[in-house]
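Working notes for the structure below.
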Amino acid sequence: MGNIIWIIPAAPLIGSILLGLFGARWSNRWSGFIGTLSIVISALLSVAIAVHWFQDPPVDEHMRIMLWRWISLPEYSSYIEFYLDPVSLIMMLVISVIGLLIHIFSTEYMAGEAGYSRFFAYLNLFVASMLLLVLANDLLVLFVGWEGVGVCSYLLVGFWFHKAANGYAARKSFVVTRIADVAMLVGILLLSNALGTVSIQPMLAKAALLWPHGGIMAAAGAALLLIGGLGKSAQFPFQTWLPDAMAGPTPVSALIHAATMVTAGMYLVIRLYPLFALVPSVLTVIAVGAVITILTASLTALVQRDIKRVLAYSTVAQIGYMFLALGVGAWSAAMFHFLTHAVFKALLFLSAGAIAMRLHHEQDIFRMGGLRQKLSVVFWAFLIGSASLAALPVVSAGAFSKEMILASLWESPGLGKWLWLAALFGAVLTATYIFRVVFLVFFGEVKTEPTGHYGVRIVVPLVLLAIAASTIGWLEMPKFMASSSVFSSFLEPVLGHPATESTLPHWVTAAGYIAPLLGVVIGFGLYRSGYWVRTAGPVGQGNDGGQAERSMGEGVRRFMRAGFGFDFLYDRLLVQPFLWLVKILRNDPIDAIFMSAAAAAMRFHGALRRSQIGQLRRYAGMLALGSMAVIVIMVFA
């Protein structure tokens, strides 16, 4: 089984290379086939390995596959080595299987677009980089995959580069995540210098041996790696890049900015959780930052009018729930929410793309309405995804993972109860903003008439993801329902046994189920049948189409819609001072020294050039003068 794992990232990499070299000469159908076939290979092998793993798990519940030595120095070596355990196996399955469904969807969604083969080349390269990231057993190899997904994100967000706004969004996502990645690289180098290796498992073992009670080095290494993770996962204070990244095609949002790349930071923390467990203060920072992320992103989503930006802010908030679980040491709960989120968020983004396809690429929810019967398949798919995002009890997968996180928060000492309360409020907001979209888009009067029709490549991924979003939560069910713990038991050899919910008061469990229902009621009360749209003025003239939102106050609404002013703050504190400094230092003294040396060399060159004019008499005269000068020096020296 281990000897075929390398094919899983290699297949999409080869597909990307082929599309990059020959895609321009191929038809769109052939390019889509090659791009999708490479992911089919990865997905089938991933499923085969998973089935074999369940039937006959390897010794010690992990596999190490060394391919070759990458760097060899007298006191240091780095290997291209894969490490497969239950955590990386789940990540590999999600990336390959959901990636396959999104590739299938993309073959129809991107039909007729310029750069069709280029799109699939980028998408294949992203999947290969992400698989390399999650399979790596060496922090340097992991960092190669980490930077690979960053480059692919830049290329895909700016895919429609003929629009200036798309280029800006791509640069913003690249720069913000690169800033965090610098800190991560410094953390890797610091840990490598202190522990003598970048191989993850030996590094973690040495860290536990040398720093049993944490310490400055452990805290510094964990904090620097955490910064890299927060940047990639768009968590506070790096959350500003993700909403703008919605400029890319919708399948890009589904794959990169919902199901895989933005969860890389969560995976990094889980992969290195023994290091983070040594430093409780860093875990506290993770939890507090996650609460800030959840609340600000949820409130911002509440007033967005672009359907993709609503989903983008919901992604930021839901990853915040994963980090909140990590902050209290609920590793299995974080992984379970990753799994359910990957399914229902991919479903929501693809549904949003399917809506846009039929509405002339309209994304303003206040220009939609009445689509429940006209787009029935998309309606049910979006409704199931919304129910899972809102964590509606029993009927959605998100309910089980969200409840697992809430239970872990309640049982956590210290700030646990306050974190639970904040997460509960976030659950109310989540249900409110996503069902606001449901009621405005699918109920009320029709504002934009749908055109065209869907093919099977659109419908099949939606149906399969909808089924998964309804049922995958059954892998981990509370004791009062069925006491299923398949998921946490599978992860137990790596992450340990999760905290039980036996000590939870009944009212705490009930509150976790009532909160999303309350949010749906609020959304229904405000937006049923497009009620607030009908009482507002015409959409478009600076009007958000909602009387309820106008009552909040124009200034407050704009402040919330702008993401609580983080972009403005960063522009004033970081971007503008940097540009000012660049302008001031354009002719700085250091440059002047080098420019002066260059100017002197140019003047000397000019003087010498004037001596070479092709007149033999002048050359003879200069030769005679030189000879006389030599004779004089020899006589009088």
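Just a few scattered comments:
- Diffusion coefficient, µm² s⁻¹, Stokes-Einstein with Kirkwood Rh over alpha-carbon pairs of region 1-130 at 10 °C and 1.306 mPa s: 100
- Net charge dipole size for the chain [Lys, Arg +1 and Asp, Glu -1 on Cβ; Debye, nearest 20]: 2140
- Amide hydrogen neighbours beyond the local backbone of Ser233, cut-off 5 Å, H modeled: Gly265
- Since only Phe336, Val279, Ile292 are under comparison, the one whose Cα sits farthest along the positive direction of the charge dipole of region 233-372, derived from C-beta charges on Lys, Arg, Asp and Glu, is Phe336.
- Between the listed residues Ser77, Phe435, Ala220, the Cα displaced farthest toward the positive end of the dipole of the chain, a dipole computed from Cβ unit charges relative to the Cα centre, is found at Phe435.
- Förster-model FRET efficiency, 35 Å R0, His52 and Leu21, C-beta, rounded to 0.05: 0.55
- Candidate values (i) 75, 68, 45; (ii) 78, 65, 61; (iii) 113, 64, 50 were compared with Cα extents along the principal axes in Å computed on the shown model; the agreeing label is (iii).
- Oblate is the label for region 588-636, because a/c, from the alpha-carbon gyration tensor with a ≥ b ≥ c as root eigenvalues, is 1.5 or above and a/b does not exceed b/c.
- Take the Cβ atoms of Ala205 and His360, set R0 to 60 Å, and the FRET efficiency comes out at 0.55.
- Reported to the nearest whole Å, the Cα centre-to-centre distance from region 603-630 to region 203-231 is 69.
- For the pair region 373-439 / region 445-464, the C-alpha centres are spaced 25 Å from each other.
- Label sites at Thr471 and Ile593, each approximated as a point 7 angstrom past Cα along Cα to Cβ, lie 7.1 nm apart.
- Screening the chain for whole DSSP H helices with an alpha carbon extent of at least 18 angstrom along the helix axis and a mean Kyte-Doolittle hydropathy of at least 1.6 yields 7-22, 86-109, 116-135, 139-157, 216-232, 280-301, 376-390, 416-442, 456-471, 616-636.
- Under 19 Å from the Cα of Lys402 - lysines, other chains or at least 8 residues apart: Lys345, Lys417, Lys479
- All distinct Cα pairs of region 352-480 go into the 1/r average, and the inverse of that average, the Kirkwood radius, is 16.2 Å.
- Under the simplified labelling scheme, the His213-Ala629 pair shows an inter-label distance of 7.8 nm, with each label point 7 Å from Cα along Cα→Cβ.
- Estimated [θ] at 222 nm from DSSP helical runs (n ≥ 4, -39500 (n - 2.57)) normalised by residues in the chain, nearest 500: -22500 deg cm²/dmol
- In summary, the aspartates and glutamates within cross-link reach of Lys163, defined as a Cα separation below 17 angstrom excluding same-chain residues under 8 places away, comprise Glu113, Asp244, Glu362.
- Nonlocal amide H pairs with Phe159, under 5 Å, H built at 1.01 Å: none
- With both labels modelled 7 Å from their Cα along Cα-to-Cβ, the Leu189 to Ile71 distance reads 1.0 nm.
- Potential extension, Leu517-Phe161 segment - 0.36 nm per residue separation minus Cα distance: 124.0 nm
- Normalised Debye scattering of region 409-529 at q = 0.11, 0.23 Å⁻¹ gives log10 I(q)/I(0) of -0.61, -1.33, counting only Cα atoms as equal scatterers and leaving out solvent.
- Leading residue at positive end of dipole, the chain (Cβ point charges), from Thr177, Gly167, Met477: Gly167
- Pairwise centroid distance, computed over Cα atoms, of region 1-47 with region 568-602, Å: 46
None of the figures in this text is laboratory data; all of them are computed from the coordinates on show. The model shown is predicted, which means the values in this text are computed figures rather than measured ones. FYI the Cβ positions are ideal-geometry reconstructions off the backbone, even for glycines, and counts take in every protein chain you see.
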